[in-house]
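Structure, as structure tokens:
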Amino acid sequence: MNLIKWFFLAVVVFHSEISLAEISKPITHVVIVWLKEPGNEDNRAHYIEESKRLNDLPGIIARHTGVVAPSGRPIADDSFDVAVTVTLKDKQALDAYLAHPKHKQILHEKLQPLVKKVVTYDFITP
């Protein structure tokens, strides 16, 4: 095998090892929500209260839900209504959280009817 093929093989193997090691670290799931009725305080409060019913799901280290803080800073996006952060034990706990019947039920029956747009971010917490 020539040198270039060895180099690419080493990169793939090294990257895979990092990914496998990272998978066992805590992971934070961030959910940014824009409501169908932007700024509607009752809908914001309803979203937060229904979302809190997920606080007891397995694997959760910390879970926070709140409303947008108006900023005025050009770098800050304050166009959303509600945000949720959930830090979980590891990637497996995140997958279980997302697949949990209670999560699916509350999401589909209580939260999604209020929502226009959702963006999520997941990041490894060292």
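Readers should treat all values here as calculations from the given coordinates under stated rules, not as data from a laboratory. Since the structure is predicted, the reported quantities are computational estimates derived from the model, not experimental observations. Here the Cβ is made from the backbone with ideal geometry for all residues, glycine too, and neighbour counts use every protein chain on show.
Structure above, values below:
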| item | result |
| --- | --- |
| Charge dipole of the stretch 25-124 about the Cα centre (unit charges at C-beta), most positive-ward option of 39, 54, 68 | 54 |
| Sequence-distant lysines (8 or more away, or on other chains) whose Cα lies within less than 29 Å of residue 102 | 25, 36, 52, 89, 91, 110, 116, 117 |
| Gyration tensor (alpha-carbon) shape descriptor, the stretch 25-124, a/c threshold 1.5 | oblate |
| Most to least packed among 43-51, 110-118 [average Cβ atoms within 10 Å] | 43-51, 110-118 |
| Computed over the stretch 25-124: relative contact order in percent, which uses C-alpha pairs under 8 Å that are six or more apart | 49 |
| For residue 81, distant residues with modelled amide H under 5 Å away | 33, 34, 35 |
